[in-house]
1. Compute log10 of I(q)/I(0) for the chain with the Debye formula, placing one identical point scatterer on every Cα and leaving out solvent, at q = 0.09 Å⁻¹, to two decimals.
2. Classify segment 36-100 from the C-alpha gyration tensor, please: rounded if a/c falls under 1.5, else prolate or oblate depending on whether a/b exceeds b/c.
3. Quick one: among 43, 73, 64, which has the greatest mean-square fluctuation in a GNM of the chain with alpha-carbon springs under 10 angstrom?
4. Given axes a ≥ b ≥ c from the Cα gyration tensor, I'd like to know whether segment 7-46 is rounded (a/c under 1.5), prolate (a/b larger than b/c) or oblate.
5. Taking the Cα centre of the chain as the origin and placing charges on Cβ (Lys, Arg +1; Asp, Glu -1), which of 49, 38, 59 is farthest toward the positive end of the dipole?
6. Contact order normalised by length for the chain, with contacts defined as Cα pairs under 8 Å and 6 or more residues apart; what percent is it?
7. Leaving out ligands, DNA and RNA, what percent of the accessible area of the chain is carbon and sulfur, probe 1.4 Å?
8. Among 86, 110, 75, whose Cα sits farthest toward the positive end of the charge dipole of the chain (+1 at Cβ of Lys/Arg, -1 at Cβ of Asp/Glu, about the Cα centre)?
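The values are calculated or read from the model by the stated rules, or taken from the named source; none is laboratory data. Since we're looking at a predicted model, the values are computed, not measured. All Cβ positions, glycine included, derive from the backbone under ideal geometry; neighbour counts span all protein chains shown. Only protein heavy atoms, including side chains, enter the accessible area calculation; ligands, DNA and RNA are left aside. Shrake-Rupley method; radii C 1.70, N 1.55, O 1.52, S 1.80 Å.
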Amino acid sequence: MDLLFVYGTLRSEFSNRHALLLRERAELIGPAETSGSIFWIADYPGYRPDPPGLVRGELYRLHDPDAMLAALDRYEGSDFERTEVTVGGAGAWIYRYRSQPPEGARISSGDFCRQ
């Protein structure tokens, strides 16, 4: 699978090393949405499939999925796992936070960049 949905610090609004690497090694398809919720973890968000909601982010097509995903797996660390979601009728990778954060940490807008 060569699609990746990003909802946090990998979005095009950010200029950290991995966000820049993603833009260099992938094609930004554009804004996208998937079901689920995002939560404040620290100074970044974490995705969970429940409770139901709408998560807004961006969809990328990876030029070399294996290499890019390996780099992003290291960046996301052990608190996140890569899993598949549906975005616009297609399967895409997303990084899911492994723990369930408290409801009070939920970003109700579903958009990390437009809280």
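1. Per q value, in the given order, log10 I(q)/I(0) is -0.20.
2. The shape class here is oblate.
3. Maximum fluctuation in the GNM of the chain, among the listed residues, is at 43.
4. Because a/c hits 1.5 or more and a/b fails to exceed b/c, segment 7-46 counts as oblate.
5. The residue sitting farthest along the positive end of the dipole is 38.
6. Over the chain, the number comes to 34 percent.
7. Heavy-atom surface of the chain belonging to carbon and sulfur, 1.4 Å probe: 47 percent.
8. Result: 110.
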